[in-house]
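The values are calculated or read from the model by the stated rules, or taken from the named source; none is laboratory data. Every value quoted in this text rests on a predicted model; they were computed, and no experiment measured them. As a convention, Cβ positions derive from the backbone with ideal geometry for all residues, glycine included, and neighbour counts pool all protein chains shown.
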Amino acid sequence: MGDPDQKTVTPTDTKKDVPPPAPIQVGDKGEAGGYKFDSDGVDGVITKWKNLLDDLQKDKAFAERIAKVRAPGKEFASGDFTKAANPSGDTLLEQTNRMITYVTNYITALENAKKGIHQGEDDAKKAVKNSGQGF
């Protein structure tokens with residue numbers, strides 16, 4: 001029989017919101033005060049973050065399996081196990097989903113900062129091209 005004085009431990013998740021990515025600056029474009037990347041190296045950084053996202057998607061599949069664990073039998077020990085395991089599995093899945101959201105937002109921020117570099121380069125090319133037309 002289970003111990004009547006034994007309390008079920010339920011994980012408490014105090015962080016419900018996913019924080020925004022830190023400011024990102026690529027070259028001289030983007031927000032200062034956070035991470036700064038040179039325009040030549042930002043593609044490598046984006047690739048690393050995309051690889052991390054792929055790994056997190058795989059982790060999510062495992063977390064879903066853990067969160068959905070069921071008792072192998074109907075005896076008290078199996079029931080006690082799932083009472084303890086399911087809340088932990090749910091928290092693991094929730095945290096994995098938050099990490100996926102954060103990494104996705106960070107990739108988007110990196111790509112937007114990179115687009116700012118390309119837009120600036122395009123604007124400079126247009127300005128040079130149009131600079132002699134008024135003479």
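A few remarks follow.
- Taken together, the criteria place Lys74 among residues that are farther than 23 Å from Pro21 by Cβ, outside any helix (DSSP H, G or I) and among the charged types (D, E, K, R).
- Picking from residues in segment 38-64 that are under 12 Å from Ile100 (Cα atoms) and touching a residue at least 12 places away in the same chain (Cβ under 8 Å), the one that is surrounded by the fewest Cβ atoms within 10 Å (Cβ to Cβ) is Gln57.
- Residue pairs whose Cβ atoms lie under 6 Å apart, sitting 6 or more positions apart in sequence or on different chains, and linking a residue in segment 15-37 that is over 28 Å from Thr91 (Cα atoms) to a partner that is buried (at least 17 other Cβ atoms within 10 Å of the Cβ) and of a type in the set (D, E, K, R), are Val26/Lys114.
- With respect to being modelled with pLDDT under 90, in contact with a Gly (Cβ under 7 Å, 6 or more places away or on another chain) and surrounded by 15 or more Cβ atoms within 10 Å (Cβ to Cβ), Ala67 fits the description.
- Filter result (hydroxyl-bearing (Ser, Thr, Tyr), modelled with pLDDT of 95 or more and surrounded by fewer than 16 Cβ atoms within 10 Å (Cβ to Cβ)) within segment 70-101: Thr101
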